[in-house]
Amino acid sequence: MPQTSFVPTPVFEEYRELFKEHAILARDDKGVIEVRFHTLGEDAAWSMELHRSLGQLFSTIGADPKNEVMILTGTGENWLKGGDAESFAAVEGDLETFRQKNYDYWYLDGRRLLESILWNVDIPTISAINGPGIHTEFGLVCDLTIASDTAVFMDPHIAIGLVPGDGQYLVFQELMGSKRANHLMYINAAGIDAQQALEFGLVNEVVPRDQLLARAHEMADQIMSVDRITRRLTASLMRRPWRRRFTQDFQTHFSSELYAANVSRQYFEGPAHGESNF
């Protein structure tokens, strides 16, 4: 008999409970798992706790072989709304505290956010962006992306004194082209609406908000009609361009943002500090 045993795979009921403060998880009998960001049951507020949890969550979902398709969405009217000031202040503190905690809370967690989706979730992914908000990059790197007609796509990094290096700008560059992405960064901090996002190639469909999740599940059901091995290997092929782009560029983008975060006087002395939108 074997001398060792397999490490247990994640159990849905257990990790649903573990991550319940950050995402409401539901899975049907076909294996379609719905992941819905929230804060206290309402629109999700961007916090350091959510920032840490998402990489862990995506890795866990990917490690559970009973998950077959992932639908990623938000709660209420917003995808992700402005930052939880107290949460960020507890980690950022003064400049010296921020520097000391940079690796664990910013560098390591920050890289895992997108890398966990791209490398660890080896199943088809659909995002349903339910409204305006920050960090739409999580949804935009999914295999299919649909958006509510109320959605807005933005990146306010430069406006508060930071390099746009956490992945949102990189995703915009890849999907809409450099000129449009550059204009969005430098000039149009308010962002673009869902119809423009469709025209620019950011999303596949624009759907009325009250029909958004139903449409995402229709897509999931269609994907589930394909043989399991075929759909999983196809998902891996769909991920290849993103993995290549992130391997080539993300390290430079992200390290540039973290360097600016340590030295930008505008960021640390401006009104946005402690009320981070990232």
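The values are calculated or read from the model by the stated rules, or taken from the named source; none is laboratory data. No experiment lies behind these values; they were computed from the predicted model shown. As a convention, Cβ positions derive from the backbone with ideal geometry for all residues, glycine included, and neighbour counts pool all protein chains shown.
The table for this structure:
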item: Residue list for region 165-183, filter: surrounded by fewer than 23 Cβ atoms within 10 Å (Cβ to Cβ) and under 14 Å from THR252 (Cα atoms); result: TYR169
item: Residues being over 18 Å from the mean Cα position of the chain (by Cα), under 14 Å from THR136 (Cβ atoms), polar (S, T, N, Q) and not in a loop (DSSP other than H, G, I, E, B) - total across region 148-202; result: 1
item: In region 61-84, the residues that are within 11 Å of ILE134 (Cβ to Cβ), touching a residue at least 60 places away in the same chain (Cβ under 8 Å) and surrounded by 20 or more Cβ atoms within 10 Å (Cβ to Cβ); result: TRP79, GLY83
item: Total residues in region 18-48, condition surrounded by fewer than 16 Cβ atoms within 10 Å (Cβ to Cβ), among the acidic types (Asp, Glu) and in a strand (DSSP E or B); result: 1
item: Subset tally (residues that are within 17 Å of ILE33 (Cβ to Cβ), without any contact (Cβ under 8 Å) to a residue 40 or more places away in the chain and not acidic (Asp, Glu)) for region 190-225; result: 2
item: Residues (part of a helix (DSSP H, G or I) and of a type in the set (A, V, I, L, M)) located in region 115-134; result: ILE117, LEU118
item: Region 204-234, subset assigned to a loop (DSSP other than H, G, I, E, B) and not β-branched (Val, Ile, Thr), residue surrounded by the fewest Cβ atoms within 10 Å (Cβ to Cβ); result: SER225
item: Pick from region 31-81, criterion acidic (Asp, Glu) and within 20 Å of ARG112 (Cβ to Cβ), ranking: modelled with the highest pLDDT; result: ASP64
item: Qualifying residue in region 79-91 (condition: part of a strand (DSSP E or B) and either in contact with a Gly (Cβ under 8 Å, 6 or more places away or on another chain) or on the phi > 0 side of the Ramachandran plot (or both)); result: yes
